[in-house]
Amino acid sequence: MTSQESLLPGTRRALLHRIAVAQAEGRAPSLVAAVARDGQAVWHGARTSVEGHGPDDDVQYRIGSITKTFTAVLVMRLRDEGLIDLGDPLEKHLPGTGVGEATVAELLAHTAGLAAESPAPWWERTAGSLRPELSDVLGDEPLRHPVGRRHHYSNPGYTVLGALVEEVRGVPWEEALREEILEPLGLHRTSAQPQAPYAGGWAVHPWADAMLPEPLEDLGRMAAAGQLWSTTSDLARFAAFLVRGDDRVLGAESLREMRTPAAPTEAADVMDGTAYGLGMQIQRRDGRLLVGHSGSLPGFLANLTISVEDDVAAVVLANCTSGPLLGAVGADLVRIVAEAEPRIPQPWQPLREVDPTVLELAGQWYWGTQTFGLRVSADGLIALGPLTGGGRRARFRANGDGTWTGLEGYYAGELLRPVRRPDGSVSHLDLGSFVFTRQPYDDEDVVPGGVDPQGWRGIR
C-alpha cells in the first residue's frame, strides 16, 4: 500500500482534484492513479461511477502498449548478455519473416518501416487465434516505408520483437517476462491474463451517458505489443525500476539508453515536442522532460509518465475505450508534486579521493576563442561546457586509460584525450579532433593550422 502521509495535505487534494475532473469530464466508469517519488509510491487515488465502491491499487486494468516497454526490457537484456546486438538485422536471429533487413534497434524505435497494424480483421477486437503465425500478423505487404527512414509506430513490430525473445530464449514470451522481469521486481499483480480483482472494460456512448461492455480478447501472437494487465501499485514499482535500474533485470546505463531519443523526428513531432527511444515515449511538457508510455485497448486506457530529473512518476488507468486524456493527466500529476513539493537535493559531498592527474584537467579551457570550463565531480565524471551563453556541453566517463567518453549531446560517444608534454604536464585536450587550450590561440600551444606569428593586434 502507499504511504499517503508522505505528501502534504494540499498536494494530495490537488492530485485528487485532477483525477476527479478527468473522471467526470472524461466520463470514465472508473479511474485510478498513483504517484511515486524517490522510488516509492506516495499516493493513490480513485474515482468511480459505482456508489460506495472505489478500486484500490490492487485492482488490475489492462495496460495496452505499456506492454511494449516490458518487451523492450527483455530485448535489452538479450543485448546486455551478448546474445544479440541492436545493430543485428532481424534475419540473423529470426529468418524468413520478410522484414529481415530491419535491425533490432529499428524495431524497438518503430523505424523499421512496418505497418501500424496487422491485416484485417481489427486485431484488438478479435481473437488472437485468427493470427496464429507471425506471417498472419505481418501480412503479404508488411512494409509501409523504407527501413530506417522514418518513425512509424508499429504494433506488428513489437510482435516481431516478442518472437525474437522467444527464438533466442527458447521459451514463450510470457514465461520470459515472468521469470526475467515480473518475479525479480516483485510485480505479482502484473500478468498476461486478468486475475481478480480486475476491472471490466467499457465503451461509453459518445452522445449519451450509456455504456456497453467491450469484448475481452486474448491477443495471441500480438501479446508482446499490448497484452498485459497490471495495477497502479505494480506500475509505480516498475516506474522506479525504469529510473534506477536493477542489476537483476537491467542496469541503469541500459535504461538510460532506452530513455534516449532513437527515432528520427518529423515536423509534427518537433511542434509538439515528442520523440521515441527504445520502447519508451519521450515528450517535453511545461518545460519538463517526461518519459514513459501510453496504452489503450478496447475498454481500457493507461498511461505511465516519469520525470527522471524530479524523480516523480505517475500512473493513470481507466476502464473505457475513449474519454479522459490520460497523458495530460499523468503529466499534470507529475507537475503538481514536482512544483508543490520540489525535490530536496542530496547534501553536497566532496570527492573521496583526489586523483591529481584528473584534477589537473579542471578549470578554464579555450576552443578557439570560446571560453569553456571543466569541472570534476564526486560521481567520478567530468563536465565540459561553455562558461557563457549556449553551446555544446557534456559529461564524460573515464575509460581507465586516461581518456574519457562523452555521455550526451554533440559529444556523446566522442573521445576526450588529454595530450601531455614530455614532462607529463597537460598541453591541450583533444576532443574528437577539436583542440582545447589553456589560452586562446597561444603560439606555444599546439593549434591546428598554426597561429599568426605577429600575435593578437588591434585595428591598423
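The values are calculated or read from the model by the stated rules, or taken from the named source; none is laboratory data. Just so it is clear, the structure is predicted and the values come from calculations on it, not from any experiment. For neighbour counting, all protein chains shown are included, and Cβ atoms are generated from backbone atoms with ideal geometry for every residue, glycine included.
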Being in contact with a Ser or Thr (Cβ under 9 Å, 6 or more places away or on another chain), closer than 29 Å to Asn303 by Cβ and surrounded by fewer than 20 Cβ atoms within 10 Å (Cβ to Cβ) is true for just one of Asp136, Asp56. Which residue is that? Asp56
Could you go through the stretch 211-226 and let me know if any residue there is assigned to a loop (DSSP other than H, G, I, E, B) and either among the small types (Gly, Ala, Ser) or under 19 Å from Arg79 (Cα atoms) (or both). no
From the list Leu7, Leu107, Leu94, Leu83, pick out the single residue that is surrounded by 16 or more Cβ atoms within 10 Å (Cβ to Cβ), within 24 Å of the chain's Cα centre (by Cα) and of a type in the set (A, V, I, L, M, F, W, C). Leu107
Restricted to the stretch 139-174 and to residues being in contact with a strand residue (DSSP E or B) (Cβ under 7 Å, 6 or more places away or on another chain) and within 25 Å of Arg77 (Cβ to Cβ), the residue surrounded by the fewest Cβ atoms within 10 Å (Cβ to Cβ) is His151
The stretch 18-45 residues that are without any contact (Cβ under 8 Å) to a residue 24 or more places away in the chain, paired with ones that are in a helix (DSSP H, G or I) and of a type in the set (A, V, I, L, M, F, W, C) (beta carbon under 9 Å, 6 or more apart): Val21/Val329
Could you pull out the residue among Leu325, Leu351, Leu278, Leu289 that is touching a residue at least 12 places away in the same chain (Cβ under 8 Å), surrounded by fewer than 24 Cβ atoms within 10 Å (Cβ to Cβ), more than 24 Å from Trp43 (Cβ to Cβ) and hydrophobic (A, V, I, L, M, F, W, C)? Leu351
Residues being in contact (Cβ under 8 Å) with a residue 40 or more places away in the chain, in the same structural domain as Gly368 (by TED's automatic domain parsing) and at positive phi - total across the stretch 408-460: 0
Is one or more of the residues making up the stretch 121-134 of a type in the set (Ser, Thr, Tyr), outside any loop (DSSP other than H, G, I, E, B) and touching an Asp or Glu at 6+ places or on another chain (Cβ under 9 Å)? yes
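Residues to consider are Ala41, Ala33, Ala14; find the one that is over 15 Å from Asn319 (Cα atoms) and within 25 Å of the chain's Cα centre (by Cα).
Ala41
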Given the structure, is Glu167 among the charged types (D, E, K, R) and either at pLDDT below 95 or touching a Phe, Trp or Tyr at 6+ places or on another chain (Cβ under 7 Å) (or both)? no
Elements of type strands (runs of 3 or more DSSP E) in the stretch 371-459, at least 2 residues being exposed (fewer than 10 other Cβ atoms within 10 Å of the Cβ): none
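This table checks each residue for (1) within 20 Å of Phe241 (Cα to Cα); (2) surrounded by fewer than 21 Cβ atoms within 10 Å (Cβ to Cβ); (3) among the aliphatic types (A, V, I, L, M); (4) touching a Gly at 6+ places or on another chain (Cβ under 6 Å).
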{"position": "Arg178", "(1), (2), (3), (4)": "yes, yes, no, no"}
{"position": "Ile181", "(1), (2), (3), (4)": "yes, no, yes, no"}
{"position": "Gly186", "(1), (2), (3), (4)": "yes, yes, no, no"}
{"position": "Pro206", "(1), (2), (3), (4)": "no, yes, no, no"}
{"position": "Pro215", "(1), (2), (3), (4)": "no, yes, no, no"}
Which pairs turn up if I take residues in the stretch 244-259 that are β-branched (Val, Ile, Thr) and look for partners that are part of a helix (DSSP H, G or I) and modelled with pLDDT of 95 or more with beta carbon separation below 8 Å, at least 6 apart in sequence or on another chain? Val249/Val73; Val249/Arg77; Val249/Glu180; Val249/Ile181; Val249/Pro184; Val249/Leu185; Val249/Phe241
